[in-house]
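The values are calculated or read from the model by the stated rules, or taken from the named source; none is laboratory data. None of the values given here were measured: they were computed from a predicted structure. Note: ideal-geometry Cβ built from the backbone for every residue, glycine included; neighbour counts use all protein chains shown. Ligands, DNA and RNA are stripped out before the accessible areas are found, and what is left, the full protein with its side chains, is counted by its heavy atoms. Shrake-Rupley method; radii C 1.70, N 1.55, O 1.52, S 1.80 Å.
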Amino acid sequence: MTTHSIAPAVRAVRRLSPLTFSFGARRWESTGAEPPPAGGHLPSIATSKILRGTREAALRTPGIKWLDEGGSSPLQNTIGGRETRKMNVYQAVRDAMGITLSKDDTAIVFGEDVAFGGVFRCTMGLAEEFGRERVFNTPLSEQGIAGFGIGVASMGQTAIAEIQFSDYIFPAFDQLVNEAAKFRYRSGGQFNVGGLTVRTPTMSVGHGGLYHSQSPEGFFMGASGLKIVIPRSPIQAKGLLLASIRDPNPVIFMEPKILYRSAIEQVPIDDFELPLGRAEIVVPGADLTLLTWGTPIFHCETALSLLSEPPASLASVVPESARGARVELIDLRTILPWDIETVVESVKRTGRLVIVHEASRTAGVGAEIAAEIQSKAFLKLHAPVRRVTSWDTPVGLQYEKFIIPDAIRVLDGILETLAF
């Protein structure tokens, strides 16, 4: 692969907009060729190879740890006889809370509208199953929800709070950053609020605009004492949520809202956890590290498909020499504290890093990761760390897809980094 063979193509990609692509002959000039399938030929969330659609694949999820009945039993790793059920993300989240409520008599679930199932149906039927004294609505006060959760957790109970949209978490910022994050430290380790988990839908949905499509995880990066977790799929949502609820630290668990119904897997029905603070290498590679979390994992998968097998409309700007690039795709999963070791090891092997996230570019999580990587792997880098992010603007009421990074922008970032 030579720089001279790729650079002109990269410049061509820069000049292209989605509206300038050639989509073939006009209708009256078309032949009798078979039309493409309704979803197109590219990977989508529904057809993603990242999702585990079989029982065998689900039970062999990397890092999965089974928890026997009783909650305090040793972790088991046997898979014989275990069953799975087809679930989407909101069903998997509901399943995790159901397991917690059934095993932990101190656990409560609360938030705006959770008693009737919540706006995304994540708490559907929990109030009827476990009683309205354990699953109940709160006033419309995010600060009050967080403060109440801190108080409950400080008394040794398990508090699972819901902030209806992550866009509305800012009124609770003082409670989460100044109280929850510092509770153990300020008491000299005598008290803690590790029983607090704050669930909240996050990321874009295609039409959410400035108050329903934000990704605020970066605002909490300096809040030592908190953990931030963002899953990509039903299995990940259930395992990471159960681990978050049982972790001895307060956790903000952000659920990509567009995945609630679109991401579907076979999910083990038993109690299990996935490790916090550990990234997962989803696709191994050797030429470039592509790092992301949440919804963009699927845009990155599509970008890799465009790179290796570009459609006719992109073939002229994706050179043959770049199509064989082996890109390593990593899902960060835990944003705080993030898995420095896995990412650094990958970048030292590949020499290149592209970070993708839906939040704005300035002071985003990608900026912190880029600084750390250039500190720990500078001499191994073949190109500057590149960030593919949302623009530094509010999420627009119109044209949201032009603001949130998509597969074409990820592909552009990959090509430019390979060509440097």
Cβ-Cβ distance below 6 Å, separation of 6 or more or different chains: which pairs start in region 171-192 with a residue that is of a type in the set (D, E, K, R) and end on one that is surrounded by 18 or more Cβ atoms within 10 Å (Cβ to Cβ)? Glu179/Ile150; Lys182/Gly225; Arg184/Asn192
Could you list all residues from region 83-111 that are open to solvent by 10 Å² or more (accessible area, probe 1.4 Å) and in contact with a Ser or Thr (Cβ under 6 Å, 6 or more places away or on another chain)? Asp104, Thr106
Would you confirm whether or not region 242-255 contains a residue that is touching a Cys at 6+ places or on another chain (Cβ under 8 Å) and at negative phi? yes
Any idea which residue in region 247-278 is most open to solvent (accessible area, probe 1.4 Å), counting only those that are farther than 26 Å from Ser154 by Cβ, in contact with a Pro (Cβ under 8 Å, 6 or more places away or on another chain) and in a strand (DSSP E or B)? Ile264
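This table checks each residue for (1) open to solvent by less than 50 Å² (accessible area, probe 1.4 Å); (2) outside any helix (DSSP H, G or I); (3) in contact (Cβ under 8 Å) with a residue 60 or more places away in the chain.
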position	(1), (2), (3)
Pro310	yes, yes, no
Leu314	yes, no, yes
Leu329	yes, yes, no
Val356	yes, yes, yes
Lys401	no, no, yes
Pro405	yes, yes, yes
Name the pairs: first residue in region 224-240 and more than 13 Å from Asp331 (Cα to Cα) and open to solvent by less than 10 Å² (accessible area, probe 1.4 Å), second residue among the aromatic types (Phe, Trp, Tyr) and assigned to a strand (DSSP E or B), Cβ to Cβ under 7 Å, at least 6 apart or on different chains? Gly239/Phe272
Filter region 284-301 down to the residues that are open to solvent by less than 20 Å² (accessible area, probe 1.4 Å) and either farther than 19 Å from Pro62 by Cβ or in contact with a Phe, Trp or Tyr (Cβ under 6 Å, 6 or more places away or on another chain) (or both) and list them by number. Leu288, Thr295, Pro296
Looking at Gly118, Gly149, which is the one that is part of a helix (DSSP H, G or I) and crowded, with 21+ Cβ neighbours inside 10 Å? Gly149
Residue check, His382 open to solvent by less than 50 Å² (accessible area, probe 1.4 Å) and outside any helix (DSSP H, G or I): no
Test Ile281 against the stated conditions and say whether it is part of a strand (DSSP E or B), in contact with a Leu (Cβ under 8 Å, 6 or more places away or on another chain) and either open to solvent by 10 Å² or more (accessible area, probe 1.4 Å) or not β-branched (Val, Ile, Thr) (or both). yes
